[in-house]
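The values are calculated or read from the model by the stated rules, or taken from the named source; none is laboratory data. What you see is a predicted model, and the numbers here were worked out from it, not measured in a lab. As a convention, Cβ positions derive from the backbone with ideal geometry for all residues, glycine included, and neighbour counts pool all protein chains shown.
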């Protein structure tokens, strides 16, 4: 059986080209690395190197061995990563969402249904969320579109509607609804982690400027102490009542201002989520 450290050293020699460079990278003495390569040749029963005076290079067999070594090392790293993720999933539930609003709604019932778990959440791009679901980085994700796959369960969750939030003196405060083009060109206070909403407002209001805030509380505080407009949704107004204090919230009438979100998880976790799903289905 080939020991992993021998493959690591062969890979280093292949990448760095000389014993001295590989030994320096590995923090080894050059004679020690040379003995390791001889040991690897003895284990495999083949010659891996062309040996010339003051020069050592891989032969064709050695190059093939180094390529296999690199793949095996990658597999070892992936094995370790997946084992850690699986072990974490046994006592941690990680939820990923493409927008903050659905997380506000889902975290309380999840926490209640999985009281013996550590719950963590993050906002990420939809592409990375799907990748993370399949590699066990996430056990549950929330996307803005349905997914069809034999190994995935996809359930419609909720719909979020975007609003323009202004103070009572703003010219738009008298509107019952507003279009993106009517609000274009203004400066907006915006939460930095709005996910899919950011691309929508940037596309629909190309002449607007967005003053991004890292903390959600800062958005409300700045909005209430300045004349700048911000954004709210039906969810944020419900979950954060302060968003309605001294503010007028005007719905955007564009079709892009409404998103239906979907809960997505692997079929193998159906039994795990049964209790939780029954809770939110009754809401």
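Filtering region 124-156 to residues that are part of a loop (DSSP other than H, G, I, E, B), surrounded by 15 or more Cβ atoms within 10 Å (Cβ to Cβ) and on the phi < 0 side of the Ramachandran plot leaves 124, 137, 138, 139, 144. Do we have any residue at all in region 255-271 that's surrounded by fewer than 17 Cβ atoms within 10 Å (Cβ to Cβ), in the same structural domain as residue 103 (by TED's automatic domain parsing) and free of Cβ contacts under 8 Å to residues at least 60 places away in the same chain? Yes - at least one qualifying residue is present in region 255-271. Residue 205 passes every criterion in (1) within 30 Å of residue 91 (Cβ to Cβ); (2) assigned by TED's automatic domain parsing to the domain that holds residue 254 apart from (1). Among all residues of region 46-56, there is none that is at negative phi, part of a helix (DSSP H, G or I) and assigned by TED's automatic domain parsing to the domain that holds residue 79. Looking at 106, 119, just one residue is within 22 Å of residue 191 (Cβ to Cβ) and either assigned to a helix (DSSP H, G or I) or over 18 Å from the mean Cα position of the chain (by Cα) (or both), and that residue is 106. Answer with yes or no whether residue 64 is touching a residue at least 12 places away in the same chain (Cβ under 8 Å) and assigned by TED's automatic domain parsing to the domain that holds residue 80. Taking the combined requirement at face value, the residue does not satisfy it. Contact map, region 215-231: first residue within 11 Å of residue 166 (Cβ to Cβ), second residue part of a helix (DSSP H, G or I), Cβ cut-off under 7 Å, separation 6 or more or different chains; pairs are 230/219; 230/223. Residues 70, 76, 66: which one is crowded, with 17+ Cβ neighbours inside 10 Å, part of a helix (DSSP H, G or I) and more than 20 Å from the chain's Cα centre (by Cα)? Unique residue meeting the criteria: 66. Flag: residue 119 matches the condition of being within 30 Å of residue 272 (Cα to Cα) and touching a helix residue (DSSP H, G or I) at 6+ places or on another chain (Cβ under 6 Å).
If the condition is being under 17 Å from residue 69 (Cα atoms) and without any contact (Cβ under 8 Å) to a residue 40 or more places away in the chain, then region 35-47 contributes 36, 37, 38, 39, 40, 41, 42, 45, 46, 47.
Quick one: which residue in 228, 211, 162 is within 22 Å of residue 106 (Cβ to Cβ) and touching a helix residue (DSSP H, G or I) at 6+ places or on another chain (Cβ under 9 Å)? Give the steps one after another, and end with the answer.
Values: 228 fails: within 22 Å of residue 106 (Cβ to Cβ); 211 fails: within 22 Å of residue 106 (Cβ to Cβ).
Step by step, each of 228, 211, 162 is checked, and only 162 is within 22 Å of residue 106 (Cβ to Cβ) and touching a helix residue (DSSP H, G or I) at 6+ places or on another chain (Cβ under 9 Å).
Residues that are more than 25 Å from residue 221 (Cα to Cα) and not in a helix (DSSP H, G or I) within region 252-263 comprise 253, 254, 258, 259, 260, 261, 262, 263, listed in sequence order. Screening 97, 32, 36 for residues that are surrounded by 14 or more Cβ atoms within 10 Å (Cβ to Cβ) and over 40 Å from the mean Cα position of the chain (by Cα) leaves exactly one candidate, 36. Taking the condition of being surrounded by fewer than 13 Cβ atoms within 10 Å (Cβ to Cβ) and part of a helix (DSSP H, G or I), how many residues in region 1-29 meet it? So the answer is 4. Just one of the numbered conditions (1) in contact with a helix residue (DSSP H, G or I) (Cβ under 7 Å, 6 or more places away or on another chain); (2) in contact (Cβ under 8 Å) with a residue 60 or more places away in the chain; (3) under 20 Å from residue 105 (Cβ atoms) is not true of residue 250: (3).
Is it the case that region 235-245 has a residue that's in contact with a helix residue (DSSP H, G or I) (Cβ under 8 Å, 6 or more places away or on another chain), outside the structural domain of residue 142 (by TED's automatic domain parsing) and more than 22 Å from residue 105 (Cβ to Cβ)? No; the residues of region 235-245 include none that is in contact with a helix residue (DSSP H, G or I) (Cβ under 8 Å, 6 or more places away or on another chain), outside the structural domain of residue 142 (by TED's automatic domain parsing) and more than 22 Å from residue 105 (Cβ to Cβ).
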